[in-house]
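Asker: Right, I'll just put the structure down here and ask away after.
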Amino acid sequence: MFDLDLWREIFQSINKNRTRSLLSGFTVAFAILLFAILFGIANGLKNTFKEAFGDDATNVIFINSGTTTQANKGLQAGRKIQFKNEDFDFIKDEFGEKVEFITGRIYRNVNASYRSEKNSYSVRAVHPDHQFLEKTKIREGRYINQNDLNNLTKVVIIGRLVEEDLFSKTTAMGKYINLSGIPYKVVGVFTDDGGDNEERLIYMPISTAQQVYGNNDYIDQINLSYNPELNYDQALAFGNDLTRELKKRFSVATSDQRAIRIFNLAESSKRVDMMTFSLTVIILVIGFGTLVAGVVGISNIMIFIVKERTKEIGIRKALGASPRSIVSIILIESILITAIAGYVGLLVGIGVLELAGPSLEAYFIKDPGVSNSLVFGATITLIIAGGIAGYVPAKKASQIKPIVALRND
């Protein structure tokens, strides 16, 4: 039941001792303020890493061909490695269980036109899986599909900015766009979080590009995403196996680093995760240490308060106050001061992050802030901390004998 007299007494005590209440609150408020700022900065760094990989899948392996630098098995150095469709199929067949999505790429530059509008763009000829590796978002229409590959259809998917450049007065869907003299039907318009450069691209079926640009089965690059169930070590081992098998397939020396170049994002992802985990641990240690310091500070102040109010407590006990009531008064006062001050510190910390956020982007800290779960967790922590800080002195106060308290000066 709500005891109005108890709460009136607590607020009278706080009001009577404003200086000590402010000092008690400041200790906790500063601890939570620092804790919130540190966590906000950590989240800002995580956002920066996330944005760096935001427009691509993070489990991708890029396979590029180059030129041999060493002679091997009777073959001279300086030999150019050229991927073909059969190499693409070899990877799918050999490593099928470890491959999530896979695509080839062919790069071309074209002069595009629609009626009187003209511009130059980069074309990527790809397989349907490319949509998931690049995280391409279809705004209208569809993406390349298997029928396009099988039938060598002359269709394209254009970026949002390509549509704005060439189709400013109409929509692109269903229209025919001229790419260096060859008409292609626009079957989709896409957006990409990678920015303007990514949205000024044109995608077409890789089989169509192979027929139109050389009548061959060459592929410039092969990209794949590994099975997300693989951990980092397994993904790195998969990348090494892939490198070894492709070098064997093309008779490339094991130590030749330029003939076949594989970049495995698992390496970068592992480093980023280790960095963010280490940063989180450091911040937790610092934040917990600061919070402990705040709790110890308010506990010391509460001990002083108990000593200061010894005679008052003695009179209460002499008049019949139970030990439980003595504990309640001091404990609730401690929790109230801690909770209010801590929440004020948390709000100030969030405010500081909001104000400083734009300027922190120069230091690779994007959108620093604290989550709702952290706010809720901090509130619960404050209540527990206030209880811990006040319990020891409250327990001590409840054990004071009235005769000893009344003799105290």
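Asker: Given 98/270; 46/92; 135/270, which pairs have Cα atoms separated by over 28 Å?
Answerer: 46/92, as the Cα separations exceed 28 Å there.
Asker: Could you check how many percent of all C-alpha pairs in the stretch 172-226 are farther apart than 14 Å?
Answerer: 69
Asker: If you average the C-alpha positions of the stretch 190-257 and of the stretch 99-136 separately, how far apart do those two centres end up, in angstrom?
Answerer: When both Cα centres are located, 14 Å separates them.
Asker: Another one. In whole Hz, with x marking every Gly and Pro, tabulate ³J(HN,Hα) for the stretch 226-233 from phi via Karplus 6.51 cos²θ - 1.76 cosθ + 1.60, θ = phi - 60°.
Answerer: Each residue's phi maps through the Karplus curve to give 7, 3, x, 6, 6, 7, 4, 5 Hz.
Asker: In the stretch 111-224, if the dipole is taken from +1 on Lys/Arg beta carbons and -1 on Asp/Glu beta carbons about the Cα centre, which of 112, 222, 133 is farthest to the positive end?
Answerer: Going by the Cα projections, it comes out as 112.
Asker: Modelled label-to-label distance, residue 171 and residue 249, 7 Å Cα→beta-carbon offset: nm?
Answerer: About 4.2 nm, to one decimal.
Asker: Just to verify a number: FRET efficiency for residue 211 and residue 135, C-beta to C-beta distance, R0 = 30 Å, to 0.05?
Answerer: Once rounded, the FRET efficiency stands at 0.60.
Asker: I need the phi-derived Karplus couplings for the stretch 78-91: 6.51 cos²θ - 1.76 cosθ + 1.60, θ = phi - 60°, integer Hz, Gly and Pro marked x.
Answerer: In residue order, the calculated couplings are x, 7, 7, 8, 10, 6, 10, 4, 5, 6, 4, 5, 4, 5 Hz.
Asker: Let me know the whole percent of all Cα-Cα pairs from the stretch 224-306 that are separated by more than 17 Å. Present the calculation step by step, with values, prior to reporting the outcome.
Answerer: Numbers: 2269 of 3403 pairs.
In whole percent, the long-distance tail amounts to 67.
Asker: Amide H to amide H, which residues 5 or more places from residue 144 or on other chains are under 5 Å from it, using H placed in the peptide plane?
Answerer: Here nothing satisfies the definition.
Asker: Further question on the same structure: Roughly speaking, what % of Cα-Cα pairs in the stretch 108-173 are separated by over 15 Å, rounded to a whole number?
Answerer: Roughly 57 percent, once rounded to a whole number.
Asker: Along each of the three principal axes of the Cα atoms of the stretch 227-269, give the extent in whole Å, ordering the values from largest to smallest.
Answerer: 31, 17, 12
Asker: For residue 140, what accessible surface area do you get with a 1.4 Å probe? Give it in Å², rounded to 10.
Answerer: 60
Asker: Sticking with this structure for a sec: Assuming R0 = 41 Å, what is the FRET efficiency of residue 232 and residue 359, from their Cβ-Cβ distance, to the nearest 0.05?
Answerer: Step by step, r from the Cβ atoms, then E = 0.75.
The values are calculated or read from the model by the stated rules, or taken from the named source; none is laboratory data. Small disclaimer: the values here were computed from a predicted structure and weren't measured. When we count neighbours, we look across all protein chains shown, and the Cβ atoms used for this are built from the backbone with ideal geometry, even at glycine. In case anyone asks, the SASA skips ligands and DNA or RNA and just uses the protein heavy atoms, side chains included. Shrake-Rupley method; radii C 1.70, N 1.55, O 1.52, S 1.80 Å.
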